[in-house]
Amino acid sequence: MGRNQTFLSEFFLLGLPICPEHQHLFYALFLSMYLITILGNLLIIILIQLDSHLHTPMYFFLSNLSFSDLFFSSVTMPKLLKNMQSQVPSIPYAGCLAQMYFFLVFADLESFLLVAMAYDRYVAICFPLHYTSIMSPQLCVHLVALSWMLTTFHALLHTLLVARLSFCEDNTIPHFFCEISALLKLACSDTHVNELVIFIMGGLVIVIPFLLIIISYGRIVFSILKVPSARGIYKAFSTCSSHLSVVSLFYGTIIGLYLCPSTNNSTVKETVMAMMYTVVTPMLNPFIYSLRNRDMKGALRRAICKKEILFCLIR
Ligand SMILES: *[C@@H]1O[C@H](CO)[C@@H](O)[C@H](O)[C@H]1NC(C)=O
């Protein structure tokens, strides 16, 4: 092709569009956000494991979601924080592919778990009497296993397709992590197949879960409107509101990123949106669930009181 194709051993990550004098401020901000994410999600996983009141399908899915959030932010944040401190923010070729793979795994997992949770709420509200027989432990395990299988397949497909590309001398990724579309722009081999697969699979992995969630909620609303009662509406709202907030946060960011017309400073916008879903969403999820949720607060109180390590602060 006339351009010299060399085997690249590493990439450089351009990082965030932050001026040097604000670097320390943002470093402190991101570090604290990352620590809050880790602690919040760990607390949810531990509480759900410890408390037998929370051994229900909804909380098993929530615990899986926290697990996914924990790893999702750990795929990008530690590297970002390290690169903010270093003069030459590089990442080895294999590290870059690994980061891309795990980023896709945990992003997809989150999407599939949100569907499983929507289905769980649908069964709980529309078939309350059959809930325990429909949402059996086997079904939950199967849903989680299916999510893992689909997510692994999808991430592996993209990673293998990127691994066969060759890269030229330009190895600076204009992003703060190895994002797949930023990586494709650097490739000097043909990327049509990659773009086609991203388009088709992206549609399947984002649009189908979104539609399934909409259908579940449509049916929930329909079943409430059939027999409208203040108590039914309250019950549906109290059991669905947390899930609905998380769903809006997750899909709101994606829709904002892909459907809003991009302006001339699209790199900045993309970076800010990427920060939203890699840092802010995983950090907020535990709070959305625990602050609004009486069961989670009860579990926290029981965990603290039972151990008698601390005084009963949260009484
Ligand atoms: C994920 O969900 C499965 C099935 O309900 C459950 O057995 C498992 O403990 C959960 N995993 C985590 C990390 O919470």
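For region 92-137, residues that are outside any helix (DSSP H, G or I) and either open to solvent by less than 30 Å² (accessible area, probe 1.4 Å) or polar (S, T, N, Q) (or both) total 2. ASP51 passes every criterion in (1) closer than 30 Å to ARG164 by Cβ; (2) surrounded by fewer than 21 Cβ atoms within 10 Å (Cβ to Cβ); (3) of a type in the set (D, E, K, R) apart from (1). On inspection, SER147 qualifies as under 23 Å from CYS240 (Cα atoms), in contact with a Leu (Cβ under 7 Å, 6 or more places away or on another chain) and touching a residue at least 12 places away in the same chain (Cβ under 8 Å). Of the residues contained in region 282-294, one or more are found to be assigned to a helix (DSSP H, G or I), modelled with pLDDT under 65, in contact with a helix residue (DSSP H, G or I) (Cβ under 9 Å, 6 or more places away or on another chain) and open to solvent by 20 Å² or more (accessible area, probe 1.4 Å). Among the residues of region 138-195, those identified as under 20 Å from PHE102 (Cα atoms), within 16 Å of the ligand (Cβ to nearest atom) and surrounded by fewer than 20 Cβ atoms within 10 Å (Cβ to Cβ) are VAL144, ALA145, LEU146, TRP148, MET149, LEU150, THR152. Among the conditions (1) in a helix (DSSP H, G or I); (2) at pLDDT below 90; (3) within 27 Å of ALA187 (Cβ to Cβ), PRO17 misses just one, which is (1).
Evaluate region 73-86: report whether one residue or more is exposed (fewer than 13 other Cβ atoms within 10 Å of the Cβ), in contact (Cβ under 8 Å) with a residue 12 or more places away in the chain and more than 24 Å from the chain's Cα centre (by Cα).
There is at least one residue in region 73-86 that is exposed (fewer than 13 other Cβ atoms within 10 Å of the Cβ), in contact (Cβ under 8 Å) with a residue 12 or more places away in the chain and more than 24 Å from the chain's Cα centre (by Cα).
Only one entry in PRO128, PRO78, PRO57 is closer than 20 Å to SER245 by Cα and not hydroxyl-bearing (Ser, Thr, Tyr), namely PRO57.
Considering only region 20-33, I want to know if a residue exists there that is farther than 30 Å from LEU161 by Cβ, of a type in the set (Asp, Glu) and part of a helix (DSSP H, G or I). The answer is yes, given that some residue of region 20-33 is farther than 30 Å from LEU161 by Cβ, of a type in the set (Asp, Glu) and part of a helix (DSSP H, G or I). If only residues of region 37-46 that are surrounded by 23 or more Cβ atoms within 10 Å (Cβ to Cβ) and within 13 Å of the ligand (Cβ to nearest atom) are counted, the one that is farthest from MET276 (Cα to Cα) is ILE44.
Residue pairs whose Cβ atoms lie under 7 Å apart, sitting 6 or more positions apart in sequence or on different chains, and linking a residue in region 122-142 that is over 12 Å from MET58 (Cβ atoms) to a partner that is open to solvent by 70 Å² or more (accessible area, probe 1.4 Å) and among the hydrophobic types (A, V, I, L, M, F, W, C), are ILE134/PHE127. The set of residues from region 62-82 being within 15 Å of the ligand (Cβ to nearest atom), over 21 Å from ASN293 (Cβ atoms) and among the hydrophobic types (A, V, I, L, M, F, W, C) comprises PHE71, PHE72.
The values are calculated or read from the model by the stated rules, or taken from the named source; none is laboratory data. Values in this document were obtained by computation on a predicted structure and should not be read as measured data. Quick reminder, even Gly has a Cβ in these numbers, built from the backbone with ideal geometry, and neighbours come from all protein chains shown. Please note that ligands, DNA and RNA were not included when accessible areas were found on the heavy atoms of the full protein model with its side chains. Shrake-Rupley method; radii C 1.70, N 1.55, O 1.52, S 1.80 Å.
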